[in-house]
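The structure appears right after this line, and notes come after that.
The values are calculated or read from the model by the stated rules, or taken from the named source; none is laboratory data. Computed from a predicted structure; not experimentally measured. We place every Cβ from the backbone using ideal geometry, glycine too, and count neighbours over all the protein chains shown. To get the accessible areas, we keep the full protein, side chains included, count just its heavy atoms, and leave off ligands, DNA and RNA. Shrake-Rupley method; radii C 1.70, N 1.55, O 1.52, S 1.80 Å.
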Amino acid sequence: MIKIAVCGAAGRMGSRIVALSRDYPELKLTGAIESKTNPKIGIDAGIIAGIGEIGVRIDDRLEKAIANADVVINFTSPEATLEHLEIVKKFKKSMVIGTTGFSNEQLSIIQKASKKIPIVLSPNMSIGVNLLFKILKDVAKVLGDDYDIEIVEAHHRMKKDAPSGTAIKMAKVIAEALDRNFDDVAVYARKGIIGERTKKEIGIQTVRAGDIVGEHTVIFGGLGERIEIIHKASSRDTFARGALRAVIWLYGKPAGFYDMGDVLGIK
């Protein structure tokens, strides 16, 4: 039995992880964490998740919960994730991180921590999206520099970071496949008289509206034809199930910096 603690347990993603963890007989929820100011502190996590009482109350002390957990799942903010990471590292546990919006400096901190504990970090836990990363790499290599590349992502109005971590990862995968420096070719917005599109730029555009769970479209535009590769998530459950699958895979692994490609064996 793998014991898990969920950080952000009262949030949109965390509550689905709490609910769906019951579908995995090898998993047992032993901790549910939220920020000190969250009004749901003290309420049973199962009630918040809509599955009835499960005997695990929302707490604000990861130090207390982690003593009885093997793996911590984190879908919070970059700042909260790094605070939790220090505690996980102190107790020498494992961590699955689905938080997005990290700066390069924050990512470096996580990578450094992975030398001491096993960590799975992915901007998107969907199995379909992670398969798409591999497909995009192969497509980009075949098409080369003759096709313009644009990425359009759409999410709900409450998403705080932009572009999405998934869109950035897609662009980085494509840039690497084409031997381009991501920071040099990424273009995030266009307005006014900007001149012709450069040959090697990768456009990344953002939509925020309503309750869109997550949509990503990658366009390879050539002269005379256009290829569009699209992924649409209709439920957060796809991300939650991916995170739980990552937990099962990560348990017992040595210290290291892993992603969903490792979990799915498609790197």
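A 1.4 Å probe run over the chain, with the rest of the protein chains in place, finds 50 Å² accessible per residue. Using a 1.4 angstrom probe on heavy atoms only, work out the carbon and sulfur share of the accessible area of segment 154-267 in %. Summing carbon and sulfur atoms, their accessible area is 50 percent of the total for segment 154-267. Distances between placed amide hydrogens fall under 5 Å for Ile58 paired with Gly42, Ile43, Asp44, Ala45, all partners being 5 or more residues away or on another chain.
Separation of the alpha carbons by more than 18 angstrom is noted, of Lys116/Lys172; Lys36/Lys64; Lys36/Lys89; Lys115/Lys253; Lys141/Lys199, for Lys116/Lys172; Lys36/Lys89. With contacts taken as Cα pairs under 8 Å and at least 6 residues apart, segment 87-136 reaches a relative contact order of 45 percent. If every alpha-carbon in segment 1-129 counts as one equal scatterer, what log10 I(q)/I(0) does Debye give at q = 0.10, 0.14 1/Å? For segment 1-129 at q = 0.10, 0.14 Å⁻¹, log10 I(q)/I(0) is -0.28, -0.56. In this Cβ point-charge picture (+1 for Lys and Arg, -1 for Asp and Glu), the chain has a dipole of about 700 debye about its Cα centre. Taking 11 Å as the cut-off, the amide N atoms of segment 119-161 that come nearer than this to a point 7 Å along the Cα-to-beta-carbon line of Arg208 belong to 155-161.
With both bridge residues required to lie in the chain, what share of the DSSP beta bridges run antiparallel, to the nearest 5%?
On the way: 16 of 47 bridges.
Among the beta bridges of the chain, antiparallel pairing accounts for roughly 35 percent.
The distance separating the Cα centre of segment 163-181 from that of segment 228-252 comes to 20 Å. Using Cβ point charges alone (K and R +1, D and E -1), the dipole size of segment 124-254 about the Cα centre works out to roughly 580 debye. What is the distance in Å between the Cα centroid of segment 186-222 and that of segment 71-87? Cα centroid to Cα centroid, the span is 30 Å. Once divided by 2.2 N^0.38 Å, the Cα radius of gyration of segment 77-193 becomes 1.21. Working value for segment 110-267: equivalent-ellipsoid semi-axes of 29, 19, 15 Å, each the square root of 5 times a Cα gyration tensor eigenvalue, largest first. Each Lys and Arg contributes +1 and each Asp and Glu -1, all at the Cβ; summed about the Cα centre of segment 119-173, the dipole is approximately 380 debye.
What trypsin sites (Lys or Arg not before Pro) in segment 10-114 are in a loop by DSSP, with at most 12 other Cβ atoms within 10 Å of the Cβ? Answer by residue number: Lys36, Arg61, Lys92.
Among the GluC sites (Glu not before Pro) found in segment 36-111, those both in a DSSP coil and sparsely packed, with 12 or fewer other Cβ atoms within 10 Å of their Cβ, are Glu53. Loop-located trypsin sites (Lys or Arg not before Pro) in segment 138-192 (DSSP state other than H, G, I, E, B) with a sparse environment of at most 12 neighbouring Cβ atoms within 10 Å: Arg157, Lys160, Arg190, Lys191. Residue by residue, segment 64-77 carries 3J(HN,Hα) couplings of 6, 6, 5, 4, 10, 9, 9, 9, 9, 9, 10, 10, 10, 10 Hz when phi is fed to the Karplus relation 6.51 cos²θ - 1.76 cosθ + 1.60 (θ = phi - 60°); x denotes Gly or Pro.
Comparing Tyr147, Leu107, Phe220 along the charge dipole axis of the chain, the residue lying farthest to the positive side is Leu107, per the Cβ-charge model.
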